[in-house]
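Note sheet for the following structure.
The values are calculated or read from the model by the stated rules, or taken from the named source; none is laboratory data. What you see is a predicted model; the values in this text were computed from it and never measured. Glycine also receives a Cβ, built like all others from the backbone with ideal geometry; neighbour counts cover every protein chain displayed. Just the protein is used for accessible areas: all its heavy atoms, side chains included, with ligands, DNA and RNA removed. Shrake-Rupley method; radii C 1.70, N 1.55, O 1.52, S 1.80 Å.
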Amino acid sequence: MPIHLLKRTLGALFALTLSLTAAASHAAGPAAYPKEFRIGYQKGNSLVILKASGELEKALAPQGVAVKWYEFPFGPPMVEALNAGDIDLGFVGSTPPVFAQAGGAPEIRYVGYAAAYKDNYAVVVPKESAARRMKDLQGKKIAVAKGSAGQYLLLKALEQDGLKPDDIVFSYLQYSEARSAFERGDVAAWVVPDPRLADIEQNIGARPLVTASKLTPQYSFYVAPAKFAATYPAILRLTLDKLNDTEQYAKDHADETARFLEKDTRVPLKVWQLALTRQAWGVAYPLPPGIIEAQQEVADTFFRYKLIPKAVQIKDAAVSLK
């Protein structure tokens, strides 16, 4: 074969190889879908509604994706499952991903966020309490779940009133223990979100002393393992879009949503009806600078009070789904 034809043939083969390589890379990249998509959820949020609707399964059927759902009692175990590779997407409050980034699960990534807490998270006192501000609780016990969004809310509520963590006694209790302690009077206050907040307001007359709406904004997040977010961004985008649609429908059909959540959680209808009036609606991505700054304040606050072992940069764990 003449040398010029050999060069032309080799050039064509090289171009074909590049084309095939690029096609393979694209197939494993933004347009790729996994065979199985595993989602972690907790009772009482929009993931439960999306699960019940079957809309995500319908949307992913053409891609041959099997959706599997795993229930968790609260955020930290969900982060552990994400870190272990047992699930691919989860929804948590502001604090579990901070602990993850600072500790044993640094590969967890922020892929989306929910609207900020408003009057649906509060420091509450019994109806007969004389307390009118956080300073009135100085030296007293306050129940809060350790490592929760409520712990950050409490720290910010103390700071806003010129207090330090040492000025009160942290009583680290989960919900059932905290409710009992609150009703017995073993603690002077309790940091609690809806629907539990609405429940104790309606049934035992608990009174909010300060709510999240009066403090530094705090958000909840959709999180995924770094490798999954990099390999399968399309399925994450689709899911977050479906979740936002689900939330808008739930907002516009509050009575129907309340009835569904009553059945799902066994929390009374009237409790959900109150809780949904102050629910923060909306799911979005990627995280804009303001959301990253708000979450950075969570991380900085926890580091300042030595609640995490090292400082972290939230922007390093925030990804833009492309």
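Identify, by number, the condition in (1) open to solvent by 10 Å² or more (accessible area, probe 1.4 Å); (2) out of contact with any Ser or Thr (no Cβ under 9 Å at 6 or more places or on another chain); (3) modelled with pLDDT of 95 or more that Arg207 doesn't meet. Among (1) open to solvent by 10 Å² or more (accessible area, probe 1.4 Å); (2) out of contact with any Ser or Thr (no Cβ under 9 Å at 6 or more places or on another chain); (3) modelled with pLDDT of 95 or more, Arg207 violates only (2).
Considering the conditions (1) more than 13 Å from Ala224 (Cα to Cα); (2) open to solvent by 40 Å² or more (accessible area, probe 1.4 Å), Asn83 is excluded by exactly one of them, (1). Being in a strand (DSSP E or B) and of a type in the set (A, V, I, L, M): is that true of Val67 here? In short, yes.
For the stretch 103-210, please list each of the strands (runs of 3 or more DSSP E) lying entirely inside it that holds at least 1 residues being closer than 23 Å to Leu276 by Cα and in contact with a helix residue (DSSP H, G or I) (Cβ under 7 Å, 6 or more places away or on another chain). Break it down into steps so the answer makes sense when it comes.
Values: elements: 108-114, 121-125, 141-144, 169-172, 189-193.
Per the criteria, 108-114, 121-125, 141-144, 189-193.
Can you tell me which residue in the stretch 29-57 is modelled with the lowest pLDDT, limited to those that are open to solvent by less than 60 Å² (accessible area, probe 1.4 Å) and over 22 Å from the mean Cα position of the chain (by Cα)? Within the stretch 29-57, the match that is modelled with the lowest pLDDT is Gly29. Listed by position, the helices (runs of 4 or more DSSP H) contained in the stretch 226-322 that have at least 3 residues being open to solvent by 10 Å² or more (accessible area, probe 1.4 Å) and either under 30 Å from Pro106 (Cα atoms) or small (Gly, Ala, Ser) (or both) are 226-231, 233-252, 289-304. A count restricted to the stretch 288-309 and to residues that are closer than 11 Å to Thr95 by Cα and hydrophobic (A, V, I, L, M, F, W, C) stands at 5.
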